[in-house]
Amino acid sequence: MAVLSGPAATAQPIFYYDLGSPSCYLVAEQIMSGLSVAPEWEPVLGEQIGATEPDPDRESLQRLVHEHGMQPLRWPAQWPPDTRTAMLAATYAKRVGRAVAFSLASFRQAFAGGQDLGSENTVLIAAAACEMHPAAVLKGIGLRSVGAALDHAGARALGAGVSSLPAIQIGNRVFEGDHSIERAADALIVSR
């Protein structure tokens, strides 16, 4: 079991994710209850850090979904999805304090509802689910500062050593993959 002490033990975890990743969806649905400290949600374009899932193992993911008592996966017809608009909206949502709600709504639209995150309508439905006004979201998506923040998030992930998504950073350690929550939770345990 990994045990952190000192400043790393009290650092807020950072959850790096891409809305187009079914593995990120699985971790997102469990992370708030799986860690003893609420993480910062950091949207990152997987392609920016070289972490894309062009052909995920659907059977394995479906088994994991079943094991966790989640709704069966419904795959969007458009695969892999073009998530840039959705990720800009997630970055904007983070700015206005709605990153978790918007991201979960988007993941559910894509992987529980089978909707295409490349569609502006799908993004706006997810935004409406967490009380974000469509006009504000569309304006936010178009802001240069939001695009720069998304690019900065990718650089931040790379700088932390993230090479695949989902990833959870605690202090200077990064835990990646479907079982990142368990390993990160272990790392948060502080010996007394």
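A simple charge model with +1 on the Cβ of Lys and Arg, -1 on the Cβ of Asp and Glu and nothing else charged puts the dipole of the chain at about 600 debye relative to its Cα centre. For the listed peptides 109-118, 73-82, 57-66, a ranking on the average number of other beta carbons within 10 Å per residue, highest first, reads 109-118, 73-82, 57-66.
Most simply put, segment 7-188 has about 65% antiparallel DSSP beta bridges, counting only bridges with both residues inside it. Percent relative contact order of the chain, based on C-alpha pairs within less than 8 angstrom and at least six residues apart? Once divided by the residue count of the chain, the mean separation gives 36 percent. When +1 charges are put on Lys and Arg Cβ atoms and -1 charges on Asp and Glu Cβ atoms, the dipole computed for segment 88-145 relative to its Cα centre reaches about 260 debye.
Over all other residues within a Cβ to Cβ distance under 12 Å of ILE141, the charged ones net out to +3, with Lys and Arg as +1 and Asp and Glu as -1.
Placing unit charges on each Cβ (+1 for Lys and Arg, -1 for Asp and Glu) gives the chain a dipole about its Cα centre, and among SER145, GLY46, PHE102 the Cα reaching farthest toward its positive end belongs to SER145. To the nearest ten degrees, helix 84-95 and the longest principal axis of the Cα atoms of the chain are 60 degrees apart.
Each reported figure results from applying straightforward, stated rules to the coordinates on display, with no laboratory input. Please read these numbers as outputs of a predicted model, since none were measured by experiment. So basically every Cβ, Gly included, is an ideal-geometry build from the backbone, and we count neighbours across all protein chains shown.
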